[in-house]
Every structure is written in C-alpha cells, then in structure tokens.
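Everything on this sheet refers to the single structure shown next.
The values are calculated or read from the model by the stated rules, or taken from the named source; none is laboratory data. In this text the structure is predicted, and so the values were computed from the model without any measurement. Here the Cβ positions follow ideal geometry from the backbone for every residue, glycine too, while neighbour counts run over all protein chains shown. Accessible surface is based on the protein model in full, side chains and every heavy atom, while ligands, DNA and RNA are left aside. Shrake-Rupley method; radii C 1.70, N 1.55, O 1.52, S 1.80 Å.
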Amino acid sequence: MRIFYICRRVPFPPDRGDKIAAFNAIRHLAARHEVHVFCLGDGVRDLANISGLQAYAKSVSAAPVDEFTIKLRALAALVTGQPLSVAALNESKLHDAIQKKFTELRPDLIIVYSCNMAQFAEHFPNVPRIMHFGDLDSLKWPQYAERSSIPLNWIYAIEARRLLGYERHIAQIFSHALVHTEIEKHDFERLIPGIPVAVVGNGVDLDYFRSAGEAKKPASMVFTGVMDYRPNIDAVVWFCDEILPIVQANIPAANFTICGSRPAPAVRRLAKRRGVRVTGWVADARPYLDRAEIFVAPLRMARGVQNKLLEALAMGLPCVASTAARSGTAVADGQGILATDEPREFARHVIDLLGDSDGRAEMARRARAAAVANYRWEVQLACLDQVIAAAVSGHCGHQLPRTAC
C-alpha cells in the first residue's frame with residue numbers, strides 16, 4: 001500500500017513527543033507499505049535530519065519554516081478568524097509538494113499526525129484519511145489561559161474556541177479519528193460527539209531505554225524535556241520554587257538536573273540555585289536518567305501521554321509526578337509512579353524515596369515492569385494496523401474496527 005504520512009517536524013531524531021510518535025509509526029508502516037513523508041522543518045537545520053528516515057521512507061518532502069514566520073502568521077490570524085496554530089503552519093511550499101506527489105503517485109491512504117497539519121490533506125476527499133489527533137490541542141489552550149495574564153489569556157481563550165471548531169470540522173471530513181489515551185478518547189466523545197474514535201497509544205523503545213547500571217548520584221532527581229516548551233518551563237520552575245526547598249530542608253544534599261535542549265531564560269536562571277543543574281542539549285539523555293535516583297514530572301499543564309515519563313519508567317526510575325502527568329499513562333498510582341498535585345505531599349514522596357534505598361529498589365522494579373507490560377510499540381501499533389485495514393476496506397463513513405484499541 002502507498003501511504004502519505006504528514007507531520008509537523010522532520011520526525012528524526014525521535015527526541016520529543018510528536019517526533020517519537022511519528023517516527024515509530026513510520027518505521028512500523030515501512031515494514032509492509034511504501035511510505036512517503038511530508039513535514040515542515042524547524043528551520044533549515046532540521047533538513048539535515050532527513051537522512052535518518054532514509055531507511056524507512058520512500059521519500060521525504062520537508063518545507064522549513066522559521067519562528068518569525070510562524071509568529072507573523074499567527075498574529076495575522078487574530079484578524080482573519082482562523083485558528084492561530086493552524087494559520088501559523090500554513091506553508092505553501094508543503095502544500096505544493098504534497099499536491100505534486102499526489103498527482104504523480106496517487107496514494108492509497110493519507111495519515112496526518114497533529115490536527116494543525118490536517119490542512120495539508122483537506123483537499124483529497126477521495127482518498128481514505130486518518131487523523132491522528134494525538135490529543136485534542138484545543139484543551140491545552142484553556143490551561144495556558146489560566147496561567148497567563150492579559151493579553152495572552154485572552155488570545156489563548158480565543159484559540160481554544162477556534163481550534164475546537166477546526167478539530168470538529170476535521171473529524172467530520174476525515175475517515176477515521178485517533179487519539180493516544182482513553183482520557184483523550186472520553187474528551188473527544190464529549191466535545192465531538194457522534195464521531196467514532198479509536199485509541200492508538202504511544203510506546204517506548206524498551207531495548208534502548210534500559211538501565212546500563214551506572215552508579216547513582218546520591219539524593220539526585222532528574223527531569224527531561226524540550227526546555228523552551230511552556231508546560232516544561234512551568235513544571236521545573238514550580239518544582240524549584242515550591243518543592244525543592246522543602247526537599248533540601250530535609251536532605252541538604254538533594255540535587256536536581258534539568259536535562260533538555262533549548263532551555264528558556266527562566267530555566268537557565270534556575271541553574272543559579274543550590275543543587276540545580278541545567279544541561280542544555282545533550283546527545284543522549286539516558287546516562288542522566290541512569291545516574292539519578294528518582295525522576296520527577298511536576299507538570300501542571302499536561303495533556304495525553306508524557307513520553308518522558310514512559311522513558312523514565314523503562315529505565316527503571318521511581319517517578320513522582322503530577323496527577324495530570326500520571327493520568328496519561330496506564331500505570332496505577334504506586335506501581336512505579338507516585339502522583340500528587342500538592343507541593344508538600346510531592347516533596348514528602350521525594351524525601352521518602354530518597355531516604356529509602358529498599359523502597360526505591362522496589363519502585364524501580366515496578367517502574368520497569370509497568371513499561372514492559374503496557375508500552376511495547378508493536379502492541380500499540382497493531383491497533384493502527386486495524387484502523388488502516390478498516391479505512392481501506394471500502395467501508396464508508398466513520399466505521400472503526402470493533403477491536404480497535
């Protein structure tokens with residue numbers, strides 16, 4: 001089968017949420033299908049990452065877009081009435097590349113990952129189209145608005161309304177809708193009623209994310225992520241302001257490593273605090289995970305699956321997380337993850353784990369076991385195969401397989 005796969009960024013290396021999901025789907029599909037990838041690029045430099053897809057994709061068409069252009073388009077959309085996050089990515093070069101390839105190759109199926117990229121497949125109604133929302137982006141904007149002041153809270157509230165309208169439109173015209181978690185499925189059914197939706201979850205590379213047995217740094221905590229992403233910034237600043245001082249009052253040697261690319265100024269400033277290290281970009285986050293005693297995920301603005309949490313579980317790291325971060329997993333509280341939103345209780349979980357080597361060891365065992373039991377990529381993507389089979393079977397409308405995951 002010939003498949004066009006459309007996504008936001010060059011999906012290599014798989015080092016952030018959307019790229020992890022897209023890369024693993026492409027790699028899985030390429031084993032049995034001819035896959036052509038279409039994406040935007042995070043600037044011209046992102047084009048160098050295309051070579052990492054050559055073993056899987058028949059072709060890769062990427063149109064780089066810079067941050068200034070993205071912001072300018074979003075600003076103009078305030079007047080035009082479009083969703084800002086859709087208008088921001090409306091790159092004519094990618095439209096043209098997809099249209100040219102479509103005329104030349106006539107795909108059997110189009111898969112889009114992330115709703116703001118659906119605009120690039122809207123004009124092909126005669127081909128089955130699968131929209132993998134991941135999560136409903138419209139629901140993150142009210143979270144942003146709640147933690148912002150004028151005028152940003154006003155802009156974010158507008159975007160929430162506009163984007164939900166667009167999500168409803170795309171769900172209506174595409175053949176099938178997918179999300180990552182059961183919670184997102186329930187939100188989808190509540191906000192976009194009448195459109196069947198299936199869950200195709202994320203996985204984690206259990207061979208790659210496996211402890212190498214490095215010596216643990218005493219009293220150490222770690223957080224990983226792209227550090228110019230607002231939810232990650234909010235998470236580490238809140239942790240350092242509200243939780244870390246309580247931990248250090250009980251364990252003076254407690255230390256916290258923030259590991260991830262592009263740290264925003266608010267994150268870099270945290271490195272001035274006692275016991276806090278900000279690494280910036282690293283080639284491989286696994287040694288930082290392996291040397292830490294626990295992983296913290298204090299995300300107050302979290303939607304869907306947190307890949308950072310899955311990777312920490314796979315590395316056998318006891319995790320302390322917000323309830324929002326844990327809710328995107330299939331892991332019960334206490335089975336590798338302790339969850340709370342109250343700063344003092346969060347700090348107490350951290351203190352108890354750092355002070356109890358036997359308890360940490362048991363939580364580490366549970367963490368790895370939870371990852372193995374719930375997050376094998378081959379199991380998650382078997383659900384995608386079911387949806388693809390339904391999409392191309394000739395059934396009309398929004399019919400999903402009865403066994404869809």
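Taking the stretch 210-226, which residues are surrounded by fewer than 23 Cβ atoms within 10 Å (Cβ to Cβ) and either more than 22 Å from the chain's Cα centre (by Cα) or of a type in the set (Phe, Trp, Tyr) (or both)?
Step one: list which residues in the stretch 210-226 are surrounded by fewer than 23 Cβ atoms within 10 Å (Cβ to Cβ), which gives 210-220, 226.
Result: Ser211, Ala212, Gly213, Glu214, Ala215, Lys216, Lys217, Pro218, Ala219, Ser220.
Pairs under 8 Å by beta carbon, first residue in contact (Cβ under 8 Å) with a residue 60 or more places away in the chain and part of a helix (DSSP H, G or I) in the stretch 277-293, partner among the small types (Gly, Ala, Ser) and open to solvent by 40 Å² or more (accessible area, probe 1.4 Å), six or more apart or different chains?
Close Cβ pairs (under 8 Å, with a partner that is among the small types (Gly, Ala, Ser) and open to solvent by 40 Å² or more (accessible area, probe 1.4 Å)) amount to Arg286/Ala212; Pro287/Ala212; Asp290/Ser211; Asp290/Ala212; Asp290/Gly213; Arg291/Ala215.
Name the single residue that is farthest from Ala283 (Cα to Cα) among those in the stretch 246-263 being hydrophobic (A, V, I, L, M, F, W, C) and not in a helix (DSSP H, G or I).
Let us first name the residues in the stretch 246-263 that are hydrophobic (A, V, I, L, M, F, W, C), namely 246-247, 249, 251, 253-254, 256, 258-259.
Now narrow it down to the ones that are not in a helix (DSSP H, G or I): 251, 253-254, 256, 258-259.
Working: Ile251: 31, Ala253: 27, Ala254: 25, Phe256: 19, Ile258: 14, Cys259: 11 Å.
Checking each candidate, the answer is Ile251.
Quickly run through the stretch 1-16 and pick out the residues that are more than 18 Å from Arg376 (Cβ to Cβ) and either open to solvent by 30 Å² or more (accessible area, probe 1.4 Å) or in a loop (DSSP other than H, G, I, E, B) (or both).
If the condition is that a residue be more than 18 Å from Arg376 (Cβ to Cβ) and either open to solvent by 30 Å² or more (accessible area, probe 1.4 Å) or in a loop (DSSP other than H, G, I, E, B) (or both), then Met1, Arg2, Arg8, Arg9, Val10, Pro11, Phe12, Pro13, Asp15, Arg16 are the ones that fit.
May I ask you to verify whether Ala171 is of a type outside the set (Ser, Thr, Tyr), in a helix (DSSP H, G or I) and surrounded by fewer than 18 Cβ atoms within 10 Å (Cβ to Cβ)? Lay out the reasoning, then the answer.
Working: of a type outside the set (Ser, Thr, Tyr): yes; in a helix (DSSP H, G or I): yes; surrounded by fewer than 18 Cβ atoms within 10 Å (Cβ to Cβ): no.
When the stated conditions are applied, Ala171 does not pass them.
Among the residues in the stretch 317-339, are any outside any helix (DSSP H, G or I), at pLDDT 95 or above, farther than 20 Å from Ser220 by Cα and not polar (S, T, N, Q)?
no
Would you check which residues across the stretch 273-316 are modelled with pLDDT under 95, in contact with a Pro (Cβ under 8 Å, 6 or more places away or on another chain) and within 27 Å of Val379 (Cβ to Cβ) and list them?
Passing the criteria: only Ala302.
Quick one: count up the residues across the stretch 249-263 that are open to solvent by 20 Å² or more (accessible area, probe 1.4 Å) and under 13 Å from Ile233 (Cα atoms).
Looking only at that region, the number is 3.
Just one of the numbered conditions (1) under 30 Å from Glu293 (Cα atoms); (2) over 17 Å from the mean Cα position of the chain (by Cα) is not true of Ile192; which one?
Only one criterion in (1) under 30 Å from Glu293 (Cα atoms); (2) over 17 Å from the mean Cα position of the chain (by Cα) is unmet by Ile192, namely (1).
Report, by residue number, each residue of the stretch 123-149 that is in contact with a strand residue (DSSP E or B) (Cβ under 9 Å, 6 or more places away or on another chain) and not basic (Lys, Arg).
Going residue by residue through the stretch 123-149, those that are in contact with a strand residue (DSSP E or B) (Cβ under 9 Å, 6 or more places away or on another chain) are 124, 127-136.
Answer for the stretch 123-149, where residues must be in contact with a strand residue (DSSP E or B) (Cβ under 9 Å, 6 or more places away or on another chain) and not basic (Lys, Arg): Phe124, Val127, Pro128, Ile130, Met131, His132, Phe133, Gly134, Asp135, Leu136.
Given the residues Ala63, Ala22, Ala55, which is the only one that is over 19 Å from Val226 (Cβ atoms) and either in contact with a strand residue (DSSP E or B) (Cβ under 8 Å, 6 or more places away or on another chain) or at pLDDT 95 or above (or both)?
Values: Ala22 fails: over 19 Å from Val226 (Cβ atoms); Ala55 fails: either in contact with a strand residue (DSSP E or B) (Cβ under 8 Å, 6 or more places away or on another chain) or at pLDDT 95 or above (or both).
Within the list Ala63, Ala22, Ala55, the selection yields Ala63.
Val267: closer than 30 Å to Arg129 by Cβ, of a type outside the set (S, T, N, Q) and open to solvent by less than 30 Å² (accessible area, probe 1.4 Å), yes or no?
On the way: closer than 30 Å to Arg129 by Cβ: no; of a type outside the set (S, T, N, Q): yes; open to solvent by less than 30 Å² (accessible area, probe 1.4 Å): yes.
When the stated conditions are applied, Val267 does not pass them.
What residue, among those in the stretch 99-153 that are polar (S, T, N, Q) and touching a residue at least 60 places away in the same chain (Cβ under 8 Å), is most open to solvent (accessible area, probe 1.4 Å)? Lay out the reasoning, then the answer.
First, the residues of the stretch 99-153 that are polar (S, T, N, Q): 99, 103, 114, 116, 119, 126, 138, 143, 148-149, 153.
Checking the rest, the ones that are also touching a residue at least 60 places away in the same chain (Cβ under 8 Å) come to 114, 116, 143.
On the way: Ser114: 19, Asn116: 23, Gln143: 43 Å².
The qualifying residue most open to solvent (accessible area, probe 1.4 Å) is Gln143.
Could you tell me which of the residues Arg344, Arg360, Arg365 is in a helix (DSSP H, G or I), at pLDDT 95 or above and over 13 Å from Ile294 (Cα atoms)?
Details: Arg360 fails: over 13 Å from Ile294 (Cα atoms); Arg365 fails: over 13 Å from Ile294 (Cα atoms).
Only one candidate qualifies: Arg344.
Taking the stretch 17-75 as the region of interest, how many residues are assigned to a helix (DSSP H, G or I), buried (at least 17 other Cβ atoms within 10 Å of the Cβ) and not aromatic (Phe, Trp, Tyr)? Spell out how you get there, then give the answer.
As a first pass, look at the stretch 17-75 and keep what is assigned to a helix (DSSP H, G or I): 17-30, 44-53, 67-75.
From what is left, the residues that are buried (at least 17 other Cβ atoms within 10 Å of the Cβ) are 17-30, 46, 49-50, 53, 70, 73-74.
Now restrict to residues that are not aromatic (Phe, Trp, Tyr): 17-22, 24-30, 46, 49-50, 53, 70, 73-74.
Number of matching residues: 20.
At pLDDT 95 or above, part of a loop (DSSP other than H, G, I, E, B), in contact with a Cys (Cβ under 7 Å, 6 or more places away or on another chain) and within 24 Å of Asn126 (Cβ to Cβ) - does that describe any residue in the stretch 95-115? Explain how you work it out, then say what you get.
Taking the stretch 95-115 as the starting set, the residues that turn out to be at pLDDT 95 or above are 95-115.
From the residues that got through so far, the ones that are part of a loop (DSSP other than H, G, I, E, B) too are 106-108, 114.
This time we only want the ones that are in contact with a Cys (Cβ under 7 Å, 6 or more places away or on another chain), so: 114.
If we keep only those that are within 24 Å of Asn126 (Cβ to Cβ) too, we end up with 114.
Yes - at least one qualifying residue is present in the stretch 95-115.
Out of the residues in the stretch 1-50 that are small (Gly, Ala, Ser) and in contact (Cβ under 8 Å) with a residue 12 or more places away in the chain, state the one that is farthest from Gly201 (Cα to Cα). Walk me through it before giving the result.
Taking the stretch 1-50 first, the residues small (Gly, Ala, Ser) are 17, 21-22, 25, 30-31, 41, 43, 48.
When the remaining residues are screened for being in contact (Cβ under 8 Å) with a residue 12 or more places away in the chain, the result is 17, 21-22, 25, 30, 41, 43.
Working: Gly17: 12, Ala21: 9, Ala22: 12, Ala25: 11, Ala30: 19, Gly41: 25, Gly43: 29 Å.
Among those residues, the one meeting the criterion is Gly43.
If you scan the stretch 116-136, which residues turn out to be part of a strand (DSSP E or B) and at pLDDT 95 or above?
To start, the set of residues in the stretch 116-136 that are part of a strand (DSSP E or B) comprises 129-134.
Scanning the stretch 116-136 gives Arg129, Ile130, Met131, His132, Phe133.
Return yes when Thr279 is among the polar types (S, T, N, Q), surrounded by fewer than 23 Cβ atoms within 10 Å (Cβ to Cβ), touching a strand residue (DSSP E or B) at 6+ places or on another chain (Cβ under 8 Å) and within 30 Å of Ser114 (Cα to Cα) and no when it is not. Full working, then the answer.
Numbers: among the polar types (S, T, N, Q): yes; surrounded by fewer than 23 Cβ atoms within 10 Å (Cβ to Cβ): yes; touching a strand residue (DSSP E or B) at 6+ places or on another chain (Cβ under 8 Å): yes; within 30 Å of Ser114 (Cα to Cα): yes.
When the stated conditions are applied, Thr279 passes them.
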